[in-house]
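**Q** Sharing a structure here in structure tokens format.
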Amino acid sequence: MKKFLFSVIVPIYNVEEYLEETIESVINQTIDFKKNIQMILVNDGSPDNSESICLKYRDLYPENIIYIKQKNGGVSSARNHGLEYAEGEYVNFLDSDDKWELDAFKKIANFFKKNSDIAVVVGRMQFFDSSKKFHMLDYKFDEGTRVIHIEQEPSMIHLHITSSVIKTDIAKKYEFDEKLKYGEDAKYLAEIVIDQKKYGIV
């Protein structure tokens, strides 16, 4: 049995302006952070004040937050490194300038509970601050929460890692391509979704 329900891996580089808001969006989840969520903060050689923010939250939640510092190796390296420490049933790779709605993990957990054969669940994406528009991929959610079978709906494949939650045992069978400078998340997620042939949207 896994120690947590969710592991959230955050690669960090030059994001001190946004980092606290990102971390708080996970800590304040309605599903109960202390009981259900592990955070893995991976400092990818960031030259700014991000480390002190990470240490502050690690010290506040030592049972839930792991802090890792590595030489700058890029976002794929940071995600792969963090995945080694994931002890949750499900894993999310959250960018350090993004945030989750506070009831998101509760809704995603309920979906996984009802659909135990699903390995990947994706949430809607909405911009915040300067714009409140939804992401251009939002058409996928027009029919609401459901399972998408990609062989029946090939145009509906989803390639955005931050809004995806993956069964950890499945996620650990793959790795982010550290040679890629762009599209590394699309490649990683596409490999999983194509192998699984379906995923859930919430």
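**Q** Can you report the number of residues in segment 145-177 which are part of a loop (DSSP other than H, G, I, E, B) and of a type outside the set (A, V, I, L, M)? Walk me through it before giving the result.
**A** Kept after step one, since they are part of a loop (DSSP other than H, G, I, E, B), are these residues of segment 145-177: 145, 150-153, 157-163, 172-177.
If we keep only those that are of a type outside the set (A, V, I, L, M) too, we end up with 145, 151-153, 158, 160, 162-163, 172-177.
So the answer is 14.
**Q** Please go through segment 73-94 and pick out each residue that is surrounded by fewer than 18 Cβ atoms within 10 Å (Cβ to Cβ) and touching a helix residue (DSSP H, G or I) at 6+ places or on another chain (Cβ under 9 Å).
**A** Answer for segment 73-94, where residues must be surrounded by fewer than 18 Cβ atoms within 10 Å (Cβ to Cβ) and touching a helix residue (DSSP H, G or I) at 6+ places or on another chain (Cβ under 9 Å): Gly73, Glu87.
**Q** Let me ask another. Regarding Gln29, is this residue among the polar types (S, T, N, Q) and not in a strand (DSSP E or B)? Before the answer, list the steps.
**A** Numbers: among the polar types (S, T, N, Q): yes; not in a strand (DSSP E or B): yes.
Spelling it out, Gln29 is indeed among the polar types (S, T, N, Q) and not in a strand (DSSP E or B).
**Q** Answer with yes or no whether Met125 is under 17 Å from Val26 (Cβ atoms), of a type in the set (A, V, I, L, M, F, W, C) and at pLDDT below 90. Break it down into steps so the answer makes sense when it comes.
**A** Working: under 17 Å from Val26 (Cβ atoms): yes; of a type in the set (A, V, I, L, M, F, W, C): yes; at pLDDT below 90: yes.
Judged against the criteria, Met125 is a match.
**Q** Scan segment 178-202 for residues that are assigned to a loop (DSSP other than H, G, I, E, B) and open to solvent by 50 Å² or more (accessible area, probe 1.4 Å) and report the count.
**A** So in segment 178-202, the residues assigned to a loop (DSSP other than H, G, I, E, B) come out as 178-183, 197, 202.
Retained after the next criterion (residues that are open to solvent by 50 Å² or more (accessible area, probe 1.4 Å)): 178-182, 197.
Here the count works out to 6.
**Q** Further question: Of all residues in segment 106-120, which are open to solvent by less than 40 Å² (accessible area, probe 1.4 Å) and either within 22 Å of Glu24 (Cα to Cα) or modelled with pLDDT under 95 (or both)?
**A** Ile108, Ala109
**Q** Hey, any hits in segment 107-116 for a residue that's over 25 Å from Val202 (Cβ atoms) and either hydroxyl-bearing (Ser, Thr, Tyr) or without any contact (Cβ under 8 Å) to a residue 24 or more places away in the chain (or both)? Steps first, answer last, please.
**A** The first filter runs over segment 107-116 and keeps only residues over 25 Å from Val202 (Cβ atoms), leaving none.
So far as segment 107-116 goes, no, none of its residues is over 25 Å from Val202 (Cβ atoms) and either hydroxyl-bearing (Ser, Thr, Tyr) or without any contact (Cβ under 8 Å) to a residue 24 or more places away in the chain (or both).
**Q** Continuing with this model, one more query. Would you check if there is a residue in segment 143-156 being under 14 Å from the mean Cα position of the chain (by Cα), at pLDDT 90 or above and surrounded by 13 or more Cβ atoms within 10 Å (Cβ to Cβ)? Walk me through how you get there before you give the answer.
**A** Taking segment 143-156 first, the residues under 14 Å from the mean Cα position of the chain (by Cα) are none.
Checked segment 143-156: no residue is under 14 Å from the mean Cα position of the chain (by Cα), at pLDDT 90 or above and surrounded by 13 or more Cβ atoms within 10 Å (Cβ to Cβ).
**Q** Got a sec? Which of Pro62, Pro11 is out of contact with any His (no Cβ under 6 Å at 6 or more places or on another chain) and surrounded by fewer than 22 Cβ atoms within 10 Å (Cβ to Cβ)?
**A** Numbers: Pro11 fails: surrounded by fewer than 22 Cβ atoms within 10 Å (Cβ to Cβ).
Result: Pro62 is the single residue among Pro62, Pro11 that is out of contact with any His (no Cβ under 6 Å at 6 or more places or on another chain) and surrounded by fewer than 22 Cβ atoms within 10 Å (Cβ to Cβ).
**Q** Looking at segment 97-105, can you tell me whether even one residue there is surrounded by 18 or more Cβ atoms within 10 Å (Cβ to Cβ), in contact (Cβ under 8 Å) with a residue 12 or more places away in the chain, part of a helix (DSSP H, G or I) and within 12 Å of the chain's Cα centre (by Cα)? Quick ask: steps written out before the conclusion?
**A** Of all residues in segment 97-105, those surrounded by 18 or more Cβ atoms within 10 Å (Cβ to Cβ) come to 99-100, 104-105.
If we keep only those that are in contact (Cβ under 8 Å) with a residue 12 or more places away in the chain as well, we get 99-100, 104-105.
Next, from what is left, pick out any that are part of a helix (DSSP H, G or I): 104-105.
Filter once more, keeping what is within 12 Å of the chain's Cα centre (by Cα): 104-105.
The answer is yes, given that some residue of segment 97-105 is surrounded by 18 or more Cβ atoms within 10 Å (Cβ to Cβ), in contact (Cβ under 8 Å) with a residue 12 or more places away in the chain, part of a helix (DSSP H, G or I) and within 12 Å of the chain's Cα centre (by Cα).
The values are calculated or read from the model by the stated rules, or taken from the named source; none is laboratory data. The structure presented is a predicted model; accordingly, all values stated were derived computationally and were not measured. All Cβ positions, even for glycine, are placed from backbone atoms using ideal geometry, and neighbour counts span all protein chains on display. The protein model used for the area step is the full one, side chains on, heavy atoms only, and it has no ligands, DNA or RNA in it. Shrake-Rupley method; radii C 1.70, N 1.55, O 1.52, S 1.80 Å.
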